[in-house]
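I have placed the structure first, in the form of structure tokens, so that the comments after it can refer back to it.
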Amino acid sequence: MTLKNRIRALKYIRAILLFILFLLSSNVIDSYKNREKQIEILQEKITTYEKIINLESHETEKRDELLKFISSLDNFCNYHQSPRGIGLKGWFLITLACLLAFIFLRGIIDTKLKLLNQKNAHET
């Protein structure tokens with residue numbers, strides 16, 4: 001692999017690394033929003049359970065209706081809890097692999113450039 005091809009590969013890896021970091025940040029933001037939604041759902045469940053506790057014993061229809069509402073909240077909470085696509089750990093591993101490749105190629109290119117500069121300095 002020539003020095004020119006290595007420099008080109010370094011540019012491509014840098015672009016890929018920036019793209020992956022962008023995806024990683026959007027994944028972190030998405031998971032944070034999902035956690036916020038889960039907290040809202042849990043708070044709604046708490047208030048609904050409090051309503052059920054405060055109901056009279058003869059209000060079974062209202063109790064059943066509130067229990068159905070809670071079960072629908074459970075389904076909604078499970079939807080926001082399920083991982084979709086590559087998880088956060090996967091993105092970190094992909095980013096780490098690209099970063100190590102970037103550092104490795106950068107080190108190779110730097111040493112080649114130093115050798116070329118030393119060679120040119122000895123020739124002059």
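Quick look at the values:
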read-out	value
Tabulated pairs, region 88-102, first closer than 16 Å to Ser25 by Cβ, second assigned to a helix (DSSP H, G or I) and among the small types (Gly, Ala, Ser), C-beta under 7 angstrom, 6+ apart or interchain	Leu88/Ser31
Matching residues in region 27-74 - criterion: being over 30 Å from Lys89 (Cα atoms), in a helix (DSSP H, G or I) and among the acidic types (Asp, Glu)	Glu44, Glu50, Glu61, Asp64, Glu65
Residue pairs meeting the criteria (Cβ under 6 Å; at least 6 apart or on separate chains; first touching a residue at least 40 places away in the same chain (Cβ under 8 Å), in region 108-121; second assigned to a helix (DSSP H, G or I) and of a type in the set (D, E, K, R))	Ile109/Arg6
Flag if Arg8 is part of a helix (DSSP H, G or I) and in contact with a His (Cβ under 9 Å, 6 or more places away or on another chain)	no
Qualifying residue in region 23-41 (condition: farther than 30 Å from Thr111 by Cα, basic (Lys, Arg) and surrounded by 14 or more Cβ atoms within 10 Å (Cβ to Cβ))	yes
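We did not get these values from a lab; they are worked out from the coordinates using the rules stated. Predicted model only: the values in this text are computed from it and were never measured. FYI the Cβ positions are ideal-geometry reconstructions off the backbone, even for glycines, and counts take in every protein chain you see.
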